[in-house]
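Participant: Handing you this structure, nothing more for now.
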Amino acid sequence: MGTYLNPGKTAFEEVIHSEIYVDKTEMIQFINSVVKTEQKYICVSRPRRFGKTVAAKMLCAYYDRKADSRELFETRKLAGCPEVHIGDKVISWDTYLGQFDVIRLVMTDFLEDSANVEEMLSYLTEEVTEELMNDYPEINFGKRINLRTVMNKIYGTTGRQFVVIIDEWDAVFRVWKNDSKGQTKYLDFLRDWLKNKDYLSLTYMTGILPIKKYGEHSALNMFDEYSMNAPMQLAAFTGFTEKEVEELCHVYEMDFESVSNWYDGYRLSDMIPVDMRRLFRQGDYEGRKISIYNPLSVVKAMRSGSVDNYWNKTETYEALADYIRLDYDGLKETIALLMDGGRVKVNLKAYQNDMMTFHSKDDILALLIHLGYLGYEGRQTQRGIDSEHGEVFIPNKEILDEFKTSTNSQEWVSAFQAFDLSMELLKATWAMKEDKVAELVENAHNQVESKTYNDEKALSFCVQLAYYAAQKYYTTILELATGKGYADIAYLPSPKYPNFPALLLELKYDKDETEGLEQIYRQKYMDRLKHYKGNLLLIAITYSKDRKNDSPEFKHHRCRIVKA
């Protein structure tokens with residue numbers, strides 16, 4: 001048994017002989033389906049405590065030609081898996097059992113003894129090539145010694161392919177966050193070693209972050225990525241499923257509802273089965289949704305008999321606090337809304353898959369998804385999951401506890417006060433308290449720069465901020481197209497809150513508030529929302545722009561609300 005080459009089955013034996021072991025071996029049959037195919041490159045990203053290392057140990061034990069692991073798997077769920085048909089090839093559960101040389105690398109092991117990326121790569125190369133050459137002393141490796149040449153000569157001589165398993169592949173981006181040149185060198189190293197190589201039958205990488213986007217150095221584009229927002233076929237293996245947790249609760253006499261409240265909440269979408277895709281295109285199939293639990297927390301709860309926050313026992317709350325205090329685009333108000341049970345739309349397209357490159361609030365939210373602090377649910381379209389219009393939310397009580405700890409400082413007081421005022425505004429709107437709505441909108445407008453007092457677009461910006469809490473209950477539509485123009489803002493109740501009234505806002509400045517209502521009626525804006533008839537509030541908001549600053553009317557807001 002080697003350190004890096006063919007590490008054996010001991011590590012996985014420790015896993016299955018532990019007090020609590022949840023059988024995830026069925027995952028291997030999916031991995032087997034891509035071995036020796038163009039899909040043989042797999043990158044799995046998910047948070048700490050979600051079983052990445054356990055899966056890596058399992059794959060090592062299965063594929064290692066020296067491990068003699070049949071007895072470990074023949075009584076597991078894997079052995080009951082049906083055969084997989086790939087073209088004219090039939091793959092049974094043990095087709096690839098013990099068939100390959102396995103190279104297992106844990107990248108943090110090499111970082112700890114290295115000063116920079118270049119030194120780390122030299123150290124890694126020396127260690128692994130030395131072990132490979134010692135295992136094949138009969139082969140003449142020549143003078144140019146690197147991983148590519150050594151593995152290629154072994155394959156050329158023996159015809160035996162390799163399985164490469166890299167755990168914490170993204171540690172370089174987490175430890176040397178600011179070393180962009182070193183990160184590029186690392187990506188180039190992985191590309192040159194792994195891409196389009198005949199000596200590989202499978203490459204399986206795990207990390208917290210998806211593969212780094214680096215322009216032309218998205219050099220690892222041969223990988224299929226299985227992440228928290230798009231786990232695909234590996235959704236059920238991302239953590240413990242609801243059924244698995246129910247079974248553990250039965251064995252350990254734990255209250256399932258309490259365990260679910262604390263640790264459930266991650267909603268993942270599996271692939272759409274081929275026989276369901278026609279129904280999906282017709283809108284009659286929503287896709288397979290899987291509820292996932294944090295494995296480490298569930299195990300600790302079962303063993304201790306206490307449902308509690310075990311997240312912060314492995315990572316300090318400052319890790320979360322450092323990111324959410326970066327107040328991009330009103331991020332603090334967003335966090336306040338999420339902590340109140342709301343959901344927020346997020347666009348994941350621009351996120352650069354690192355811990356330093358942030359250009360917007362969405363980039364921070366995307367990172368928190370991958371760190372496990374937020375759940376994510378993408379919008380289903382006929383083309384699949386739309387990553388530009390998904391929603392984030394705090395998944396469970398354990399994570400909410402982390403947010404509460406991370407926001408327990410003076411700097412968060414104003415953000416929570418602003419959110420409370422926004423909720424007060426929303427309740428005043430529902431109650432049709434016109435003076436209170438005008439007062440609260442005016443108060444919100446006074447909080448922004450005076451240069452926003454210039455036109456209706458500025459007022460629209462102010463009103464959206466003031467109604468921030470509405471995101472919990474509504475979908476916001478700016479300039480809603482109607483038959484004869486565009487309504488300024490519409491808030492349409494989400495499916496979870498169908499009894500709340502729809503809100504249609506028309507905004508004016510230096511005009512009477514009745515003019516806003518008259519425009520709504522004249523342009524027949526309500527026709528666009530006729531299915532909300534009887535449960536629709538028409539709201540006109542205006543302010544006086546050009547009054548002298550010693551006048552009571554200076555920047556004074558007025559409001560009219562009518563039920564339609």
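Computed from the coordinates by the stated procedures, all read-outs in this text should not be read as laboratory data. Everything quoted here is computed from the prediction, not taken from an experiment. Don't worry about glycine lacking a Cβ; one is built from the backbone with ideal geometry, like all the others, and counts go over all protein chains shown.
Participant: Tell me, what is the percent relative contact order of region 240-408, built from C-alpha pairs under 8 Å that lie six or more residues apart?
Facilitator: Across region 240-408, relative contact order equals 25 percent.
Participant: Moving on. Which of the three applies to region 50-166, rounded, prolate or oblate, going by the alpha-carbon gyration tensor with a ≥ b ≥ c and a/c under 1.5 meaning rounded? Mind dumping the intermediate values first?
Facilitator: Working: a/c = 2.52, a/b = 1.51, b/c = 1.67.
Oblate, since a/c reaches 1.5 and b/c is not below a/b.
Participant: Also: Just want the ordering: Leu478, Leu268, from fewest to most Cβ atoms lying within 10 Å of their own Cβ.
Facilitator: Leu478, Leu268
Participant: Over all distinct alpha-carbon pairs, what is the Kirkwood Rh of region 240-408 in angstrom?
Facilitator: Working: mean 1/r = 0.0578 Å⁻¹.
Mean inverse Cα-Cα distance, inverted, gives 17.3 Å.
Participant: Here's a follow-up. By Kyte-Doolittle mean hydropathy of at least 0.0 and Cα axial length of at least 18 Å, which whole DSSP H helices of the chain are selected?
Facilitator: Taking the DSSP H segments of the chain (at least 18 Å long, mean hydropathy at least 0.0), we get 413-430.
Participant: Given Cα pairs under 8 Å that are at least 6 residues apart, what percent is the relative contact order of the chain?
Facilitator: 11
Participant: Return the subset of Lys52/Lys143; Lys36/Lys66; Lys195/Lys345; Lys349/Lys511; Lys213/Lys397; Lys57/Lys289 for which the Cα-Cα distance in this structure is over 31 Å, preserving the input order.
Facilitator: Check vs 31 Å cut-off fails for Lys52/Lys143; Lys195/Lys345; Lys349/Lys511; Lys213/Lys397.
Participant: Which one of Leu59, Met302, Ile139 has its Cα pushed farthest toward the positive end of the charge dipole of the chain, where Lys and Arg give +1 and Asp and Glu give -1 at the Cβ?
Facilitator: Leu59
Participant: By count of other Cβ within 10 Å, fewest leading, how are Met107, Met355 ordered? Please report the intermediate quantities before stating the final value.
Facilitator: On the way: Met107 22, Met355 19.
Ascending Cβ contact count within 10 Å gives the list Met355, Met107.
Participant: Is it possible to state the helix-based mean residue ellipticity at 222 nm for the chain, with each DSSP H run of 4+ residues giving -39500 (n - 2.57), the sum divided by total residues, to the nearest 500 deg cm²/dmol? What is it?
Facilitator: -11000 deg cm²/dmol
Participant: Based on the mean of other beta carbon atoms within 10 Å per residue, what is the order of 461-474, 63-76, 511-524, most packed first?
Facilitator: 461-474, 63-76, 511-524
Participant: Using the Cα gyration tensor of region 13-57, with a ≥ b ≥ c the square roots of its eigenvalues, what is the shape: rounded (a/c below 1.5), prolate (a/b larger than b/c) or oblate (neither)?
Facilitator: Cα axes put region 13-57 in the oblate bin.
Participant: What dipole magnitude, in Debye to the nearest 20, does the chain give about its Cα centre under +1 on Lys/Arg Cβ and -1 on Asp/Glu Cβ?
Facilitator: With only Lys, Arg, Asp and Glu charged at Cβ, the dipole is about 1620 debye.
Participant: With only Lys, Arg, Asp and Glu charged, each at its Cβ (+1 for the first two, -1 for the last two), find how big the charge dipole of region 10-226 is about the Cα centre; round to the nearest 20 debye.
Facilitator: Computed charge dipole of region 10-226: roughly 660 debye.
Participant: Another one. Is the shape of the chain best called rounded, prolate or oblate, per the rule: a/c under 1.5 gives rounded, else a/b larger than b/c gives prolate, else oblate, with a ≥ b ≥ c the square roots of the Cα gyration tensor eigenvalues?
Facilitator: In terms of gyration-tensor shape, prolate.
Participant: Additional query: If you rank Arg558, Arg267 by fewest surrounding Cβ atoms within 10 Å, what's the result?
Facilitator: Ranked by crowding around the Cβ, least crowded first: Arg267, Arg558.
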